[in-house]
1. If one computes the Cα centroid of region 178-249 and of region 102-145, what distance in Å separates the two points?
2. Which percent, nearest 5, of DSSP beta bridges in region 1-104 are antiparallel?
3. In what order do 225, 147, 39 fall by count of nearby beta-carbon atoms within 10 Å, going from fewest to most?
4. With labels modelled as points extended 7 Å from the Cα through the Cβ direction, what inter-label distance (nm, one decimal) is found for residue 255 paired with residue 202?
5. Have a look at region 52-137 and give its Rg and Dmax from the Cα atoms, expressed in angstrom.
6. I need 67, 177 ordered by Cβ neighbour count within 10 Å, fewest first.
7. Want the number for residue 236 to residue 223: 0.36 nm per residue separation, take away the alpha-carbon distance, what's left?
8. With each label point set 7 Å from Cα along the Cα-Cβ vector, what nm distance links residue 158 and residue 19?
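All of the numbers you see were taken from the coordinates with simple rules; none came from a lab. Computed from a prediction, not measured in an experiment: that's the story for all the values here. Reconstructed Cβ throughout: ideal geometry from the backbone, glycine too, with neighbour counts over all protein chains shown.
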């Protein structure tokens, strides 16, 4: 079985997050970048299955800047057999639609039985990419799974809803996404880090995927305007002088909070 795990480099959750007011893009130099935690959990699902199924090949796939190669390589150190990174300057600022198109093309080239992704990244938080990729590939998808069971010809899992839980099943080939309910990822050990240097790492461009770079400039979505977040101002302080209740009620009404 061939399992491809989608991974993404994101700004550190504990660091500063800023937008470049000139381009409207995330300022990735504002903080350190890391492999997204939900990507690590998705990879752990694949590696845990591979641990008990020797005929399983796990590949990590990322569409990211060239500078993210070291982050993608962490997937190899964790235990993936190979890595593929799509790098092209024309993809700078790509939205979800374009990202799905490119990753689907890369998956067709790589080949897969199962694609595993996180339900949403910690930077964009779109939450729709796995389903969009499945649509491009014309394969079943099972998203936001809190548990995963991989069999020879199908994948099963539990999805939480507002009214309870449901058991979902998809025949392979398929695309699934997982939530943070899945186990934490393993840490790369020294042996894995050294082995990662010798594992296959393929870099692809849009030309390699037969995607015309000029078509990527067609607007899928555009930023109309953006601005600096206004600084926080001091809140309204109400001191109880016998009329605090009335003043609080008046404040709530004035600010349409009641």
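1. With region 178-249 and region 102-145 each reduced to a Cα centre, they are spaced 17 Å.
2. The antiparallel proportion sits near 30 percent.
3. 225, 147, 39
4. 5.6 nm
5. Reported Rg and Dmax, both Å: 13.2, 40.
6. Placing the least packed residue first, the sequence is 67, 177.
7. Roughly 1.3 nm would be gained on extension.
8. In this crude label model, residue 158 to residue 19 measures out at 3.9 nm.
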